[in-house]
Amino acid sequence: MIFEFLKEKEIDSLINLLEEAFTLKANKETIKESLNNKNIRFLCAKEDNKVIGTIMITTKINPVTNKNGFYLDYVSVLESYQNRKIGAKMMLEVEKIAKEENISYIEFTSSSKRIYARKLYLSLGYELRDTGVFIKNI
């Protein structure tokens, strides 16, 4: 297994993965456009040139605290590849990248329904903060 950032030719594989893992309709054009945004990257776990896992990494620039962070979204592994520690390896790869880029923190949300994912995050040293996430669709 190798880790690489998403290439344009792999967008369809990424979309299949995201639509399997989440109840959403992924937008191919905006994903393609994101490849030109230096603050958004998709880290992909690949096996035999197939995208089997991903984490979307958004770099957050905080001029107030002067501490930049990574915000993670869409942490997912194809169902047929789960229970092989791929999620843990991807998270450790994100941490390695964060250290290389002098990132101060990593944050993300995880639904309370994702019991196994939450256990993984806690086992890797992430803390579950006592906050609520508010959202309003406009």
* **Most mobile of 33, 95, 47 in a GNM of the chain (Cα contacts under 10 Å)** => 33
* Could you give the size of the charge dipole of region 57-138 about its Cα centre, using +1 on the Cβ of each K and R and -1 on the Cβ of each D and E, expressed in debye and rounded to the nearest 20? => 240
* With charges only on Cβ, +1 for K and R and -1 for D and E, what is the dipole size of region 1-78 about its Cα centre, in debye, rounded to 20? -> 360
* In the structure shown, do any of 9/67; 38/89; 9/119; 28/67; 50/119 have a Cα-Cα gap over 30 Å, and if so which? -> 9/67; 9/119; 28/67
* Most mobile listed residue (126, 74, 116) in the chain, GNM with C-alpha springs under 10 Å -> 116
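Contact order normalised by length for region 2-109, with contacts defined as Cα pairs under 8 Å and 6 or more residues apart; what percent is it?
24 percent.
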* Looking at 58, 122, 75, which one has the Cα that reaches farthest to the positive end of the dipole of the chain (charges on Cβ: Lys, Arg +1; Asp, Glu -1)? -> 122
* To do: State to the nearest 20 debye the size of the charge dipole of the chain about its Cα centre, where the only charges are +1 on K and R beta carbons and -1 on D and E beta carbons.
  => 260
* Give me the percent of DSSP beta bridges within the chain that run antiparallel, rounded to the nearest 5. => 85
* Structure fact -> Of 87, 53, 125, the most mobile residue in a GNM of the chain (C-alpha springs, cutoff 10 Å) is 125
* To do: Grab every C-alpha pair in the chain, bin the distances at 10 angstrom width from 0 up to the longest one, and report whole percents.
  => 10, 41, 38, 10, 0
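All of the numbers you see were taken from the coordinates with simple rules; none came from a lab. Quantities reported herein were computed from a predicted structural model and do not represent experimental measurements. As a convention, Cβ positions derive from the backbone with ideal geometry for all residues, glycine included, and neighbour counts pool all protein chains shown.
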